[in-house]
Amino acid sequence: MNTLARIAVLLVVALSSPKLVSAQTEAAPPVAVADPSGAVTISALVREALESNPDLTAMRRDADAARARIPQEKALPDPMLSFGNMTQHYPLPFSGLEGDFSETYVGFSQALPWFGVRRLRGQAAASDAEAALEAYNARVRELAAEVKIAGIELYSLDRRIAVVERDMDILEKFARIADARYAVGKAMQVDGINARLEITELLDRKGALETERAAAESMINTLLHRDPETPIFAVARPVTAEDFPSLDQLVALSRQNAPQLAERRRAIDAANHRLRLAEREAKYPEVNFEFTYHNRPAFEDYYSYGVTLTLPFWSASKQRYQIAERTADLAAAESRLSWQEAQVRNRLRDAHVRATTAARLLKLHEQGLIPQSVLALESAMSAYQTGGVDFQTLLAALRKALDYETHYYELVTQYATALAAIEAETSLDLTR
């Protein structure tokens, strides 16, 4: 940023030089372009979003609910308790208890799924819970990236607005210089008019930037679950990694760390467990044990017990299609994983290209365009003092310096935004 600050320093020095001071009515330093003190950091915004975003809270509770289903799926079915009465002569309950065939009974029964059924149900539920947790982790990464991108955009807009305001201040001084030179016959009146026209154009640019800033501020407040009108006065300059892995390394990292891919893998596990469960239920019966105590007033008490089997008798029209359904579910889950992997690779390639290009252009601006525009502006200002160039040449040099500096901050946004996109896919920490 020392190179960028040279523009402001150069203009202050130039406007304070003896040749120009005599033609000025006032001379004040331009607005400095620097991070305001007390600016909120990107990391602080991300932390607040992760703590307060209701969408993230809902997904966390969904994951909790999925984990709570695991013991339910592994548990035995609820037992059944039966109670009844057999009467003689009268249909009313407990009437005619003295008859030979009157009876009161209490029974108990328990259904027992076949061996391995409860285990498979529990494994399927566990895979569902893991998928829900990975979906939550994916949303964490996505939300962090969204906050970072919005925060970086807000930082860039603040810097660009500051640059425009600074150049408006400089142009105002140029206008006064042109008016003073016109008063002594050393310049044309149109010079001052052109300077003020340039100021009006900068006012229009500033208005557009302020509109974009309001939208970025509202987006951050929404992600942080705040009132959209909550003011965010300034965002500190993001700290970004100067280097990042190659595309092949990023793809390998995404296979290991991308929560979206992990979610798809857990979905495949769940579909596989359910297929095995359907195959087992199509082959083996469900067992139900029963035990009943009978009380007959005219005779001795007695007991009855037995076993009931729920047979997959209609498997040709029921269980067979359940297996076909689970097979299709498994194939669909595998296809979704393959598609998700392709999407991740595409997003990583796009982000890698954008980051690489922005990094190269940032160096070009820092080491070439901005220093050269500063030299061109310095030369134009010196020549204007001696009448070597007209005022339009001076304005053109200032306009180029403005454009290169504002574009520099746009590149800062593009670079940091690309890194945030890479983070969402690889779980790396490249921007804060």
* Do you know which residues across segment 68-82 are assigned to a helix (DSSP H, G or I) and within 15 Å of Arg119 (Cα to Cα)? -> Arg69, Ile70, Pro71, Gln72, Glu73, Lys74
* Using the structure shown, decide if Arg264 is more than 30 Å from Gln88 (Cα to Cα), of a type outside the set (Asp, Glu) and surrounded by 13 or more Cβ atoms within 10 Å (Cβ to Cβ). => yes
* Pro93 without any contact (Cβ under 8 Å) to a residue 12 or more places away in the chain and touching a strand residue (DSSP E or B) at 6+ places or on another chain (Cβ under 6 Å) -> yes
* Does at least one position in segment 158-165 carry a residue that is over 31 Å from the mean Cα position of the chain (by Cα), part of a helix (DSSP H, G or I) and over 29 Å from Thr413 (Cβ atoms)? -> no
* Would you pick out the residues in segment 217-256 that are among the charged types (D, E, K, R), more than 21 Å from the chain's Cα centre (by Cα) and at pLDDT below 90? -> Glu229, Glu242, Asp243
* In segment 180-194, what residues are farther than 15 Å from Val389 by Cα and not in a helix (DSSP H, G or I)? -> Val184, Gly185
* To do: Can you confirm whether segment 240-249 contains a residue that is in contact with a strand residue (DSSP E or B) (Cβ under 7 Å, 6 or more places away or on another chain), farther than 29 Å from Ala333 by Cβ and not charged (D, E, K, R)?
  => yes
* Count of segment 221-266 residues which are within 20 Å of Ala424 (Cα to Cα) and not in a helix (DSSP H, G or I) -> 11
* **Residue check for Asp100: of a type in the set (Asp, Glu), modelled with pLDDT under 90 and part of a loop (DSSP other than H, G, I, E, B)** => yes
* What pairs can you find where one residue is in segment 401-412 and in contact (Cβ under 8 Å) with a residue 24 or more places away in the chain, the other is assigned to a helix (DSSP H, G or I) and of a type in the set (Gly, Ala, Ser), and their Cβ atoms are less than 7 Å apart, with a gap of 6+ or different chains? -> Ala401/Ser373; Tyr404/Ser373; Tyr409/Ser156; Glu410/Ser156; Leu411/Ala358; Val412/Ser156
* Asked: Which ones in segment 348-370 are surrounded by 16 or more Cβ atoms within 10 Å (Cβ to Cβ) and of a type outside the set (A, V, I, L, M, F, W, C)?
  -> His352, Arg354, His365, Glu366
* With respect to Asp269, is the statement that it is buried (at least 16 other Cβ atoms within 10 Å of the Cβ), touching a residue at least 24 places away in the same chain (Cβ under 8 Å), in a helix (DSSP H, G or I) and over 30 Å from the mean Cα position of the chain (by Cα) true? -> no
* Where a residue in segment 171-189 is within 23 Å of Leu202 (Cα to Cα) and its partner, wherever it lies, is assigned to a helix (DSSP H, G or I) and of a type in the set (Val, Ile, Thr), with Cβ under 8 Å and at least six apart -> Leu171/Ile199; Glu172/Ile199; Ala175/Ile199
* Structure fact -> Of the conditions (1) touching a Leu at 6+ places or on another chain (Cβ under 7 Å); (2) crowded, with 20+ Cβ neighbours inside 10 Å, the single one that Arg255 does not satisfy is (2)
* In segment 301-312, is there at least one residue being of a type in the set (D, E, K, R), out of contact with any Gly (no Cβ under 7 Å at 6 or more places or on another chain) and either exposed (fewer than 12 other Cβ atoms within 10 Å of the Cβ) or free of Cβ contacts under 8 Å to residues at least 40 places away in the same chain (or both)? -> yes
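Rundown of residues vs (1) of a type in the set (Asp, Glu); (2) more than 30 Å from Pro245 (Cα to Cα); (3) out of contact with any Asp or Glu (no Cβ under 8 Å at 6 or more places or on another chain); (4) touching a residue at least 60 places away in the same chain (Cβ under 8 Å), yes/no style:
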| residue | (1), (2), (3), (4) |
| --- | --- |
| Pro297 | no, yes, no, yes |
| Ser335 | no, no, yes, no |
| Ala355 | no, no, yes, yes |
| Arg360 | no, no, yes, no |
* Structure fact -> Filtering segment 53-90 down to residues that are touching a strand residue (DSSP E or B) at 6+ places or on another chain (Cβ under 6 Å) and more than 16 Å from His294 (Cβ to Cβ) yields Pro77, Pro79, Met80
* Top-ranked residue in segment 98-120 [being over 52 Å from the mean Cα position of the chain (by Cα), surrounded by fewer than 16 Cβ atoms within 10 Å (Cβ to Cβ) and of a type outside the set (Asp, Glu); ranked as nearest to Asp269 (Cα to Cα)] -> Phe108
* Asked: Counting only residues that are exposed (fewer than 12 other Cβ atoms within 10 Å of the Cβ) and among the small types (Gly, Ala, Ser), how many does segment 313-323 have?
  -> 2
* To do: Please find, among Glu425, Glu410, Glu405, the residue that is more than 17 Å from the chain's Cα centre (by Cα) and surrounded by 23 or more Cβ atoms within 10 Å (Cβ to Cβ).
  => Glu405
* To do: Restricting attention to segment 194-221, report how many residues are out of contact with any Leu (no Cβ under 8 Å at 6 or more places or on another chain), buried (at least 16 other Cβ atoms within 10 Å of the Cβ) and polar (S, T, N, Q).
  => 2
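The values are calculated or read from the model by the stated rules, or taken from the named source; none is laboratory data. As the structure is a computational prediction, the values presented were derived from the model and not from experiment. All Cβ positions, glycine included, derive from the backbone under ideal geometry; neighbour counts span all protein chains shown.
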